[in-house]
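Take a look at the structure below.
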Amino acid sequence: MADQMKASTEEFQRASKASLDAVLRAWSEAGRVVQTVTSEVTEYSKRAFEDATRAFEQLIGARSVEQAFEIQSQYAKKAYDATSM
């Protein structure tokens, strides 16, 4: 009887350790995924802000309505292309 209890306890401990290891691996992988997504969102936001700032500066320097329209069109196309990747 004592041997059966000991075997059951050891089996339970092995199963518990395996479950805990699986949970820790899953959390670790989830953390890596969140870090990757955060990094990509940050990089995209930085590029989008820089592009918008550049377009605004060009619009300020536009000498005609046609030139301003062309600058705005180029910016819109670039922004659309960046989001449809």
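Residues considered: E50, E29, E11. Largest GNM mean-square fluctuation over the chain, using C-alpha springs under 10 Å, is found at E11. The trypsin sites (Lys or Arg not before Pro) found in the chain that occupy coil by DSSP, while having at most 14 further C-beta atoms within 10 Å, are R63. Between E57 and E29, the FRET efficiency estimated from the beta carbon spacing at R0 = 35 angstrom works out to 0.25.
Based on the Cα gyration tensor of the chain, what are the three equivalent ellipsoid semi-axes, each the root of five times an eigenvalue, rounded to whole Å and given largest first?
Working: eigenvalues 781, 18, 4 Å².
Equivalent-ellipsoid dimensions as semi-axes: 63, 9, 4 Å.
Could you tell me how many degrees, from 0 to 90 and to the nearest 10, lie between the Cα long axis of helix 2-60 and the main elongation axis, the longest principal axis, of the Cα atoms of the chain? Long axis of 2-60 versus the principal axis of the chain: about 0 degrees. Of S16, S45, S28, the residue with the greatest mean-square motion in the GNM of the chain, using alpha carbon springs below 10 Å, is S16.
Return the calculated 222 nm mean residue ellipticity for the chain, to the nearest 500 deg cm²/dmol, obtained by summing -39500 (n - 2.57) across DSSP H runs with n ≥ 4 and dividing by the residue count. Before the final figure, lay out each step's value.
Values: 2 runs with 78 residues, N = 85.
Taken over the chain, the calculation gives -34000 deg cm²/dmol.
Going Cα to Cα from K78, which aspartates and glutamates come in below 13 Å? Please leave out same-chain ones fewer than 8 positions away. Partners found: E50, D51, E70. For helix 65-83, what angle does its Cα long axis make with the longest principal axis of the chain, in degrees from 0 to 90 and rounded to 10? Helix 65-83 and the main axis of the chain meet at about 10 degrees. Largest GNM mean-square fluctuation among Q74, Q58, Q13, using the chain with Cα springs under 10 Å: Q13.
Quick note: the coordinates plus some simple rules give every number you see, no bench work behind them. Only a predicted model underlies this, so the values are computations on that prediction, with no experimental measurement involved. Neighbour counts run over all protein chains shown; Cβ positions are idealised from the backbone, glycine included.
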